[in-house]
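*Asks:* This structure is in structure tokens; I'll ask about it shortly.
The values are calculated or read from the model by the stated rules, or taken from the named source; none is laboratory data. All of these numbers come straight from a predicted model, not from anything done at the bench. When we count neighbours, we look across all protein chains shown, and the Cβ atoms used for this are built from the backbone with ideal geometry, even at glycine. Just so you know, the surface numbers come from the protein's heavy atoms only, side chains and all, with ligands and any DNA or RNA stripped out. Shrake-Rupley method; radii C 1.70, N 1.55, O 1.52, S 1.80 Å.
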Amino acid sequence: MDTEMNSKMRFYKRHDVFERHSEHELIVYRCLEVLPAGGFVVQSADRVRVPEGVSSVEQHERQFLELMCEVAPEDRSEPHASITEAIEAFKADFGM
């Protein structure tokens, strides 16, 4: 593999983070660690209501993968030093 192509390679480690809103609702933040550059971004957030929302989990997963293919996560939002900072920035950007 040539050096130019190798320097552009990015890998992502997934970190799903759950925020409880009530005993029947939670938000799943789809966070990614950008490797080897470092930093964390939130790709998306899915609201799940139990029990009816459980069936939507497969759809959320499909949308997550489609977004990953469309645009590099670090091009979608600026990487942050921690997962918490990335989530707070995401919430501010989307008025959550």
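*Asks:* Heavy atoms of the protein only, probe of 1.4 Å, neighbouring chains included. What is the accessible area of Val42 in Å², nearest 10?
*Replies:* Around 10 Å² of this residue is reachable by solvent.
*Asks:* By how many nm would the segment from Val57 to Lys8 grow when fully extended, if each residue of separation counts as 0.36 nm and the alpha-carbon distance is taken off?
*Replies:* 14.4 nm
*Asks:* Where the accessible area of the chain is counted over protein heavy atoms with a 1.4 Å probe, how much of it, in %, is carbon and sulfur? Could the numbers behind the result be given before it?
*Replies:* Working: 3480 of 6460 Å².
Percent of accessible area from carbon and sulfur atoms in the chain: 54.
*Asks:* Next question, about the same structure. Amide H of Ser44: which non-local residues (sequence gap of 5 or more, or other chain) have their own amide H closer than 5 Å, using H built in the peptide plane?
*Replies:* Counting only residues 5 or more places away or on other chains, the set is Arg30.
*Asks:* What spacing in nm lies between the two simple spin-label points modelled at Cys69 and Ala81, each 7 Å away from Cα in the Cβ direction?
*Replies:* The modelled label-to-label distance comes out at 3.7 nm.
*Asks:* Let me ask another. Taking 8 Å as the Cα distance limit and 6 or more residues as the minimum spacing, I'd like the relative contact order of the chain as a percentage. Spell out each step's value before the answer.
*Replies:* Working: 130 pairs, mean separation 22.9, N = 96.
Rounded, it is 24 percent for the chain.
*Asks:* Determine the gain in length on full extension of the stretch Met96-Ala37; use 0.36 nm per residue of separation and subtract their C-alpha separation, reporting nm with one decimal.
*Replies:* Roughly 18.5 nm would be gained on extension.
*Asks:* If you project the alpha carbons of the chain onto their three principal axes, what span does each projection cover, largest first, in Å?
*Replies:* Principal-axis extents of the Cα atoms in the chain, largest first: 51, 25, 18 Å.
*Asks:* Treating only the Cβ of Lys, Arg, Asp and Glu as charged (+1, +1, -1, -1), what charge dipole size does the chain show about its Cα centre? Round to the nearest 20 debye.
*Replies:* Working: 11 positive and 19 negative charges, 23 e Å.
Using Cβ point charges on Lys, Arg, Asp and Glu, the chain gives about 100 debye.
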